[in-house]
């Protein structure tokens, strides 16, 4: 069963600074970024990025990566021959990764180096027929079907150590990128998150999403309040004491829910 072409998307997102950044001298800003873009053919692109804490220009790198990847997704769907098979999507995702890497290399200003802009990157493109994702580093993409079934489309990918990951600025990024393409089917909700919220949102040992966490967030995103109000509420939740008691990192959550007009 494919989603109705009459449905529309509601998107709610927030990126908030972690308490560990606030306690630094001097304090560091939020180095996460998120964004989304309505695309041709009733499609949607969603992206989050988490700048590396050890990189001097990581906040700029994260924001630039989000902008670049959304631009690349928009250009892809604007083409007359947009992807319509898994193989075509996989080739397109590889090309998007290269486009983002080239774009980041162009923004580097002396005396900085590309590694100073290090960031993870997570992208989901949702069309009427397909969901395509690329994922460099940690974070996750979670989907929910019409019957409430949750699934992880991508999962955090760490290195040898728990806090070690891959960044889009690294030459090995393409080899370590998760590229996933699947039929849209009955999926109507999708969430992207950075690693700052993983300990709350994911059951890492079992490799499954937390049902109470995502069910609550998707239902919240579908509420009829203005998007600006819900974005403020989402940011307040991510900055709440009960969340900060479990994670002191920057946090981003981006939610998209399909609603009937």
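Computed from the coordinates by the stated procedures, all read-outs in this text should not be read as laboratory data. Every value quoted in this text rests on a predicted model; they were computed, and no experiment measured them.
Taking 61, 51, 185 as the candidate residues, the one with maximal mean-square fluctuation in a Gaussian network model of the chain, Cα springs under 10 Å, is 185.
Once you've got the GNM for the chain with C-alpha springs shorter than 10 Å, pick whichever of 146, 242, 28 has the biggest mean-square fluctuation. Of the options given, 242 has the highest mean-square fluctuation. With Cα atoms defining each centre, region 187-261 and region 41-109 are spaced 22 Å apart in the structure. Of all the C-alpha pairs in region 8-259, what % are more than 30 Å from each other? For region 8-259, the share of Cα pairs beyond 30 Å comes to 21 percent.
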